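Working notes, structure below.
Here, each number is a calculation from the coordinates, and none is a lab measurement. Bear in mind that the values here come from a model prediction, so they are computed numbers and not experimental data. Using ideal geometry, Cβ is built from the backbone for each residue, glycine included, and neighbour counts are taken over all protein chains shown.
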Amino acid sequence: MGAFQRYAPFVQDYIYRNNWESLRAIQVAAADAIFNTDENLLLTASTASGKTEAAFFPIITLFSENPPASVGAIYIGPLKALINDQFLRLNELCAEADIPVWHWHGDVAQSHKARLMKHPSGILQITPESLEAMLLHKHSAVPKLFGDLRFVVIDEVHSLLRGDRGGQTLCLIERLSRLAGVNPRRIGLSATIGDPEKCGEFLSLGTGRKTIIPKIDAKGSKWRLSMEHFYVKNVQAAEDRTDIQALPVLEEKTDDAPQNADPGLGYIFEHTRGKKCLVFVNSREECETVTTTLRQYCELNHERDRFLIHHGNLSASYRETAEEIMKDDSQFMTTVTTATLELGIDIGRLERAFQIDAPWTVSSFLQRMGRTGRRESPPEMWFVMREDEPEARAMLPATIPWKLLQGIALVQLYLEERWVEPPRLDRLPYSLLYHQTMSTLASCGELSPRALAERVLPLHYFHRVSQEDFKLLLRHLVETDHIQRTEQGGLIVGLAGERVVNSFKFYGVFQENEEYTVRSDAQELGTVVLPPPVGEKLAIAGHVWTVLDVDHKRHLVYCEQVKGSIPAYFGQCPGDLHTKILQRMRQVLLEDRSYPYLMKNAVARLEQARFTAAHSQAGRTPLINLGGNMWCLLPWVGTYAFLAMERFLKIKCGDRLGLKNLDSARPYYMQFTMKVSAAEFYRITAQEARKPIDPMELVYPKELPLFDKYDEYLPEELVKKGFAYGVLEPEEMRRTVLSWQPGE
């Protein structure tokens with residue numbers, strides 16, 4: 001029987017109603033796996049390829065034939081916006097079969113949640129943080145809620161593979177399954193998986209099942225891609241150059257940005273007029289600044305405001321308003337956003353995406369471009385690379401356009417090799433260990449040390465954590481009153497621990513700063529970190545406000561809207577850049593080829609960089625003399641090997657090299673002074689790299705590298721061990737040092 005014939009009649013009707021002429025290959029493969037096996041499933045296919053329907057058509061067919069006696073499927077989504085979007089889609093799909101669809105996160109009404117608690121059934125859509133809260137506060141209700149749970153669907157599973165949030169999700173599924181006495185099948189959905197086999201292993205941990213990964217031959221698709229470069233001020237790279245032919249622009253330039261506009265933002269302003277677009281930026285601060293500037297350009301040009309804003313610090317009303325407007329195909333608006341609109345949410349017929357500077361990962365680039373190109377039009381992205389023009393006397397590394405190289409490298413790696421970042425599943429997640437220990441203790445009540453260990457340590461994400469490490473953690477938590485011993489020798493949450501566990505911020509494991517809620521009259525605008533003093537200006541929700549009052553006790557900021565701008569702040573985040581991207585950036589600098597998506601200024605700027613590199617040997621030799629005893633090191637390694645190399649040079653080689661004043665632009669280059677020659681540098685570093693290196697030796701003597709959210713509550717020994725063995729990459733650093741030879 002074919003997949004379509006096997007579907008329930010109401011699913012077939014849905015397909016007819018939506019005028020589908022045939023099922024896609026991924027839907028046929030998913031139906032075969034779900035109907036005909038008992039294995040887990042990983043569906044990897046491009047954005048808008050029908051992965052959600054591929055998973056849920058068979059699931060709801062099975063539910064219609066044999067209704068579950070509790071919630072039958074959990075859909076875990078990484079973002080509230082994604083859950084809100086999928087809630088509407090699934091409701092339409094399930095309405096005829098009378099299969100309830102519930103959603104549960106911080107913005108959902110209590111009455112909706114109360115109905116689920118009374119009548120657990122159908123499909124529950126939830127974020128990892130809300131699932132944590134449910135296990136913490138509804139612990140005794142879990143068997144009733146999930147006693148017949150059959151499936152767990154994890155959307156955008158790639159977004160959970162490079163940090164503690166994915167580990168938390170895996171721990172929650174295991175804890176819930178154990179409490180409810182079930183072993184649901186797991187289904188992962190993603191458009192951008194770098195290593196499907198590893199991801200499949202991760203998905204199956206603790207289930208006793210294998211993961212089926214259908215191989216779907218993707219049809220070739222066209223991209224509309226451009227990359228342009230702008231100096232923030234002064235003459236552009238290609239001006240007064242008659243020898244460079246402009247590449248064909250995707251449409252005629254209108255040149256309607258206000259006079260003296262920032263050239264890069266003026267370019268975005270011009271090419272979003274009359275269109276539905278997204279503008280992606282890499283930080284919340286930049287999101288606010290760019291939105292405010294573009295809105296000012298509207299005002300200067302006497303145009304209506306056509307720019308919206310969307311990021312994680314905004315209030316739910318602002319975010320949802322932007323989402324609703326973008327779904328309306330009659331509204332030609334542009335939304336400036338961070339990663340919050342990067343994932344799965346369908347926001348209608350988008351015509352193009354802009355990316356200011358390069359994202360940090362190939363995965364992010366593909367996700368962002370995948371927001372466009374739905375409904376039969378090709379995906380379209382315009383990169384806008386901005387930098388201050390290097391001063392005439394600037395030293396070599398400052399003259400290299402790092403973001404331009406990074407953007408080209410991201411694109412080329414996917415075009416040439418279909419390469420995407422592999423998952424990072426080998427960390428030592430002590431911060432998450434603290435979190436799950438406290439969550440388990442808070443939800444279960446008093447437990448003996450042995451019973452607590454038996455609940456936490458077998459969770460598969462903690463496979464690298466030893467019993468000795470866990471004993472060390474528990475002793476420290478008792479000493480610091482996060483855990484308290486009872487007279488009977490059991491363990492309960494202590495006073496210090498209660499302050500952590502009772503905060504709503506405990507549900508999440510991603511790093512947060514202390515946030516203040518910003519209000520204007522009765523309207524909540526969003527949140528900020530470290531509010532400016534009374535009388536100063538503040539940018540939020542794409543407007544400028546004057547701070548009227550700050551209530552530090554209640555974490556409230558009161559303000560009123562004013563006209564004007566605030567100085568731009570662009571966060572210098574080192575990012576999580578993979579070594580393969582750095583190596584492809586090096587190749588971009590060295591190879592003599594053009595890339596068809598580069599526009600006129602970008603062609604000229606790359607040509608300048610290649611000319612500089614050829615004359616300085618940058619890219620061919622890692623160590624370059626900048627004059628006198630000042631040197632520059634270009635190691636071309638990823639963020640974590642770069643961090644290890646900084647420490648290796650200072651701790652292991654510093655005295656012998658006479659190394660001083662080391663200053664890094666991570667992960668691109670280091671500058672320093674030293675007393676030895678280049679030949680001596682290579683000899684000394686190779687000698688030291690051949691010796692065995694204990695990663696703990698790369699932690700500075702008085703350093704406490706607090707990397708993850710709950711590191712501050714850990715014993716120092718575990719903080720250092722987690723950083724040395726789980727974050728730094730000394731082996732890759734050693735291989736790189738040993739590969740250096742002068743002139744290579």
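Here is how the numbers come out for the structure above:
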{"read-out": "Cα-based Rg of region 409-500 normalised by 2.2 N^0.38 Å, two decimals", "value": "1.51"}
{"read-out": "Mean projection area, nm², convex hull over Cα of region 254-298", "value": "3.2"}
{"read-out": "For region 297-435, the Rg and Dmax computed from alpha carbons only, in angstrom", "value": "18.7, 56"}
{"read-out": "Lysines with Cα under 23 Å of Lys600, excluding same-chain neighbours fewer than 8 positions away", "value": "Lys222, Lys233, Lys253, Lys403"}
{"read-out": "Cα-only radius of gyration and Dmax that characterise region 382-459, units Å", "value": "24.2, 68"}
{"read-out": "Cα-Cα pairs of region 1-125 separated by more than 22 Å (percent)", "value": "36"}
{"read-out": "Antiparallel %, DSSP beta bridges [both residues in the chain], to 5", "value": "40"}
{"read-out": "Check: the chain dipole with +1 on Lys, Arg Cβ and -1 on Asp, Glu Cβ, in debye", "value": "1300"}
{"read-out": "Stokes-Einstein D for region 580-629, Kirkwood Rh over Cα pairs, 20 °C, 1.002 mPa s (µm²/s)", "value": "178"}
{"read-out": "Theoretical ellipticity at 222 nm over the chain - DSSP helices of four or more residues, -39500 (n - 2.57) apiece, nearest 500", "value": "-11500 deg cm²/dmol"}
{"read-out": "Where Rh is the Kirkwood radius over Cα pairs, Rg/Rh for region 180-225", "value": "1.12"}
{"read-out": "Cα gyration tensor, region 264-336 - rounded (a/c under 1.5), prolate or oblate", "value": "oblate"}
{"read-out": "Per-pair calculated FRET efficiency, R0 = 35 Å: Glu270 and Gln608 via Cβ, rounded to 0.05", "value": "0.90"}
{"read-out": "Protection proxy ranking, peptides 631-638, 329-336, average beta carbon neighbours within 10 Å, highest first", "value": "631-638, 329-336"}
{"read-out": "Pairwise FRET efficiency - Asn502 versus Val534, Cβ, R0 = 30 Å, nearest 0.05", "value": "0.45"}
{"read-out": "Overall Cα dimensions of the chain - principal axes, largest extent first, Å", "value": "75, 63, 61"}
{"read-out": "Positive-pole candidate from Leu589, Leu577, Phe648, dipole of region 570-685, charges at beta carbon", "value": "Phe648"}
{"read-out": "Selection from Gln12, Ala109, Asn66 lying farthest towards where the dipole of region 1-156 points positive, charges on Cβ", "value": "Ala109"}
{"read-out": "17 Å Cα-Cα reach of Lys210 towards lysines, excluding residues that sit fewer than 8 places from it in its own chain", "value": "Lys198"}
{"read-out": "Whole-angstrom gap from region 615-673 to region 108-176, using each part's C-alpha centre", "value": "47"}
{"read-out": "Separation of the Glu65 and Ile492 label points, Cα + 7 Å toward Cβ, nm", "value": "5.0"}
{"read-out": "For the chain, with +1 on Lys and Arg beta carbons and -1 on Asp and Glu, the positive-most of Leu366, Thr44, Pro120 along the dipole", "value": "Thr44"}
{"read-out": "Qualifying chymotrypsin sites (Phe, Trp or Tyr not before Pro) in region 453-527, DSSP loop, other Cβ atoms within 10 Å at most 15", "value": "Phe510"}
{"read-out": "13 Å reach of a label modelled at Val182, 7 Å along Cα-to-Cβ, counting backbone N of region 59-73", "value": "63, 67-73"}
{"read-out": "Volume in Å³ per residue [convex hull over Cα atoms, computed for region 110-200]", "value": "103"}
{"read-out": "Cα-based reach from Lys652 at 24 Å (exclusive), listing lysines while leaving out same-chain residues under 8 positions away", "value": "Lys660, Lys675, Lys691, Lys702, Lys720, Lys721"}
{"read-out": "Simple spin-label estimate for Ala95 and His119 in nanometres, 7 Å along Cα-Cβ", "value": "1.7"}
{"read-out": "Cα gyration tensor shape of region 368-413, rounded if a/c is under 1.5, else prolate or oblate by comparing a/b with b/c", "value": "prolate"}
{"read-out": "Cα-Cα P(r), region 662-744, percent of pairs per 5 Å interval", "value": "3, 12, 17, 19, 21, 12, 8, 5, 2, 0"}
{"read-out": "Cα pair distances exceeding 19 angstrom across region 566-687, given as percent", "value": "56"}
{"read-out": "Region 43-103 shape via C-alpha gyration tensor axes, a/c threshold 1.5", "value": "prolate"}
{"read-out": "Region 593-744, dipole about Cα centre (Lys/Arg Cβ +1, Asp/Glu Cβ -1), debye to the nearest 20", "value": "640"}
{"read-out": "Cleavage-rule hits (trypsin sites (Lys or Arg not before Pro)) in region 652-744: DSSP loop, at most 13 neighbouring Cβ within 10 angstrom", "value": "Lys675, Lys702"}
